[in-house]
Amino acid sequence: MTGMNTRILCLMLSALPSLCWAQAPSVVRVEGAVAHPGDQAIQPERRLADVVVQAQPAADAYLLGSSYLRRQALVEQVRLRAGILHGLTQLQLNADPAVVETAAALQQWVQAHAATGRVPTVISPRLMQVQPQSNPVLMAGDLLRIPVRPDHITVLGAVRTSCTVRHSPQRDARDYLRDCPPSAAADPDSLYIVQPDGRVQQQGIALWNRADPQAVAPGGSIYVPLRESVLKSIDPAFNNDLATFIATQPVSP
């Protein structure tokens, strides 16, 4: 595909902007809080840790919140997003006004966030060098974004209003609900915690399944799921799918 055709395709696929990164066929790109941003050439068997070391993360770089984006992950994420949007459309036909309101708000959020191709990755050069399974071989078009450390977490889902809350070290995830209360559509039994490295954790919060306290790292998100009873006829995996999609979104400072 020529450069002109690629630019035209990028303009047409406005819902999939991540398809348009790193057009050069033999480079990876590094952006964000690094001393040497830009393209790096791919060499045989070159791995992600090599790129991180060469880019030299800045003193305020937040490696835990790094986003490693791969074109190969886009197709699955586009399908995931489409399924979530379909489910949210169906939920807005529910007889419960709280469910309808939550579904409409979540639909607006998902429509504003495209598939990115982000894959969960722990960016720690030393750890990656001794654990090859955590240090993927680079592919053309890969993109690494390293943000600065944020000071907040985000609470969204079945809440009265989605909100950004100042991060508090070691604060249990469920305690953040005091600042961002659940709505009547919320599942009373669990939360989904999306850590800034893309890991998704489910935490029991009811008396019968209460889990140990779980902290949320800066830049993470808490997804308050919808009641399981309203999802049975639509998609029992809906809450897990939405939490997984939230994990594909890059961390913002």
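The values are calculated or read from the model by the stated rules, or taken from the named source; none is laboratory data. As the structure is a computational prediction, the values presented were derived from the model and not from experiment. Don't worry about glycine lacking a Cβ; one is built from the backbone with ideal geometry, like all the others, and counts go over all protein chains shown. When the accessible area is computed, the model is the full protein with side chains, heavy atoms only, and any ligands, DNA or RNA have been set aside. Shrake-Rupley method; radii C 1.70, N 1.55, O 1.52, S 1.80 Å.
Points worth noting:
- In plain terms, the bigger the Kirkwood radius, the slower the diffusion; for segment 166-221, with that radius from Cα pairs, at 20 °C and 1.002 mPa s, Stokes-Einstein puts D at 182 µm²/s.
- The residues of the chain expose, per residue, 50 Å² of accessible area to a 1.4 Å probe.
- Label-zone membership for segment 133-153, site Ala59, 7 angstrom Cα→C-beta point, backbone N under 18 Å: 147-150
- Simple spin-label estimate for Leu93 and Ala206 in nanometres, 7 Å along Cα-Cβ: 2.8 nm
- Subtracting the Cα-Cα distance of Glu45 and Arg160 from their residue separation scaled by 0.36 nm leaves 36.5 nm.
- Accessible-area composition of segment 141-253, carbon plus sulfur, in percent [1.4 Å probe]: 48 percent
- Beta bridge orientation in the chain: antiparallel %, DSSP, nearest 5: 75 percent
- Percentage relative contact order, the chain, counting C-alpha pairs under 8 Å, at least six apart: 23 percent
- Separation between Cα centres of segment 186-253 and segment 94-128, rounded to whole Å: 10 Å
- Fraction in percent of alpha-carbon pairs per bin - 5 Å, segment 33-132: 2, 11, 15, 16, 14, 11, 10, 9, 6, 5, 2, 0
- Reduced Cα scattering model of segment 94-197, Debye log10 I(q)/I(0), q = 0.10, 0.11, 0.12, 0.23 Å⁻¹: -0.44, -0.52, -0.61, -1.30
- Residues of segment 172-211 with an amide N closer than 16 Å to a point placed 7 Å from the Cα of Ser229 along the Cα-to-Cβ direction: 183-190.
- Residues Ser26 and Arg126, FRET efficiency given R0 of 41 Å [Cβ-Cβ distance, rounded to 0.05]: 0.90
- Virtual spin-label span in nm between Ala82 and Asn240, 7 Å along Cα→Cβ: 2.2 nm
- Angstrom value of the Kirkwood radius, inverse mean 1/r, which spans all Cα pairs in the chain: 19.4 Å
- Check: the chain dipole with +1 on Lys, Arg Cβ and -1 on Asp, Glu Cβ, in debye: 340 debye
- Pairs of Cα atoms farther than 22 Å apart, segment 124-253, %: 42 percent
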